[in-house]
1. Which numbered condition trips up ALA37, out of (1) surrounded by fewer than 18 Cβ atoms within 10 Å (Cβ to Cβ); (2) touching a His at 6+ places or on another chain (Cβ under 9 Å); (3) small (Gly, Ala, Ser)?
2. Based on what the data block shows, is TYR76 within 21 Å of GLU145 (Cα to Cα), out of contact with any Phe, Trp or Tyr (no Cβ under 8 Å at 6 or more places or on another chain), in the same structural domain as GLY135 (by TED's automatic domain parsing) and at pLDDT 95 or above?
3. I want to confirm something. Restricting to segment 56-108 and keeping residues that are in contact with a strand residue (DSSP E or B) (Cβ under 6 Å, 6 or more places away or on another chain), closer than 15 Å to PHE123 by Cβ and among the hydrophobic types (A, V, I, L, M, F, W, C), which single residue is surrounded by the most Cβ atoms within 10 Å (Cβ to Cβ)?
4. Answer yes or no as to whether ALA107 is farther than 20 Å from VAL132 by Cα, aliphatic (A, V, I, L, M) and either modelled with pLDDT of 95 or more or not in a loop (DSSP other than H, G, I, E, B) (or both).
5. What's the number of the only condition in (1) within 25 Å of GLN31 (Cβ to Cβ); (2) buried (at least 21 other Cβ atoms within 10 Å of the Cβ) that VAL132 fails to meet?
Amino acid sequence: MRPCHAARAHFIYGIGGQAGDERGRAIADPQKEAMVAQIMELLGRHQVALVTDYRGLSVQEMTALRRQLRDAGAEYHVVKNTMLRRALESMGMSVDEEYLVGPIALALAEEDPTGPAKAISTFAKQRGIPTVKCGMVKGRVFGAEDAAAFADLPGRQQLLAMVAACYRSPAANLVQTLYTLVANLAGTLQALAAKRASAAA
């Protein structure tokens, strides 16, 4: 950002930068600092964050998407990409610059990424948007394809239900039930790997 010579101007440079002529430090805008702190608080309370591009959604569609995400145990917040970038750096997280351009909204969940991923995938199949740019799960960053692939995995509650079914099964069927559980999960992972390989070809 080019320095302004107005007496009361406040500046904020990307992530802790300085003016090009280095004649003084940028004065932090209290409102922007509050926005960064709010994003950090949201990320701190949630172990899952899917970064999405919501361009093209109407107000009504945004409301409908928020409702679906809420039913999936997630929240949806529109944030400024520069503020998100600063918040991530303050938290010691490194995310490729390409993921943090354009309009951004965060789908946030406490621990299970499959819920919001499935909700976004279902919504996008009808409207073509939003798109998942990347995902962050417990501090680990996933690219767009990997983050979107969470929608194809069984959710935490589904896995727990499958395990519970194993315990309810007669002893004679327990091994077969466990084998089916593992085979189904392995098949899903193999299909995802094949999809990625064909996309890279």
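1. Failing condition for ALA37: (2).
2. For TYR76, the condition - within 21 Å of GLU145 (Cα to Cα), out of contact with any Phe, Trp or Tyr (no Cβ under 8 Å at 6 or more places or on another chain), in the same structural domain as GLY135 (by TED's automatic domain parsing) and at pLDDT 95 or above - is met.
3. Here the answer is ALA107.
4. No: the conditions fail for ALA107.
5. (1)
The values are calculated or read from the model by the stated rules, or taken from the named source; none is laboratory data. Small disclaimer: the values here were computed from a predicted structure and weren't measured. In this analysis, Cβ positions are derived from the backbone assuming ideal geometry, glycine residues included, and neighbour counts consider all displayed protein chains.
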